[in-house]
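Single-structure report; data block below.
The values are calculated or read from the model by the stated rules, or taken from the named source; none is laboratory data. Since we're looking at a predicted model, the values are computed, not measured. So basically every Cβ, Gly included, is an ideal-geometry build from the backbone, and we count neighbours across all protein chains shown. Areas reflect the complete protein model, heavy atoms only, side chains present, ligands, DNA and RNA absent. Shrake-Rupley method; radii C 1.70, N 1.55, O 1.52, S 1.80 Å.
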Amino acid sequence: MIYVDANVLYNYLFDSEFADEAEKALSLSRKVTSKNAVNEAVYVSIRKLAKDRHGVSNLHELKTFVKTPEGKGVLNEAFSMVLRLLDSAGIKLVEEEDDMRVVGKVAEVYGLLPNDAIIVATCMKHGITRIATFDRDFENVPFLEIVRG
């Protein structure tokens, strides 16, 4: 299995400089991700759409914006985009590691922030040894092979 990180989803959706690599990674078989990555992909998509279309430039503005009809439309669009991509790319959701002691130990051992530690702990839980990502923080995790297309 290959764990697909949020940044692969985002770079594919928004046709960034890494879009070609993201597309190659999404063409691989046996892809999985978790709620953590989906949450992150939806969040950055909301931020991008709100900024590009409505000039929303910071978190405070975003929290106010998402309460408006336009903001609710952006929320819906971001969720829809990410979930459609998961479906079309055949990415399955796996259960995250929910023992925060395990996550904390992973964070300590590999020097990771909590969200990345959840991803690594989830990979450990499911025996996943490959990750599609553009995040260099995973380079310090010896059992994970980084796949870039």
Per its Cα gyration tensor (rounded if a/c is under 1.5, else prolate when a/b beats b/c, else oblate), region 56-128 is best filed as oblate
With -39,500 (n - 2.57) per DSSP H segment of 4 or more residues and division by the full residue count of the chain, the 222 nm estimate, nearest 500 deg cm²/dmol, is -18500 deg cm²/dmol
Placing +1 on each Lys and Arg Cβ and -1 on each Asp and Glu Cβ in the chain, then taking the dipole about the Cα centre, the residue among Thr68, Val44, Thr33 whose Cα reaches farthest towards the positive end is Thr68
Per its Cα gyration tensor (rounded if a/c is under 1.5, else prolate when a/b beats b/c, else oblate), the chain is best filed as prolate
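The chain: longest stretch without exposed GluC sites (Glu not before Pro) (DSSP loop, at most 13 other Cβ within 10 Å), sites themselves excluded?
The reported range is 18-94.
I need the calculated FRET efficiency for the pair Leu83 and Glu108, taking r as the beta carbon distance and R₀ as 41 Å, to the nearest 0.05.
FRET efficiency, Leu83 to Glu108: 0.80.
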The set of residues whose placed amide H lies less than 5 Å from the amide H of Tyr3, leaving out same-chain residues fewer than 5 positions away, is Val32, Arg130, Ile131, Ala132
In whole angstrom, the spacing between the Cα centers of region 12-47 and region 96-149 equals 17
Of every hundred units of 1.4 Å-probe accessible area on the chain, the number belonging to carbon and sulfur atoms, as a percent, is 51
Computed over the chain, protein heavy atoms only, probe 1.4 angstrom, the accessible area per residue in square angstrom equals 55
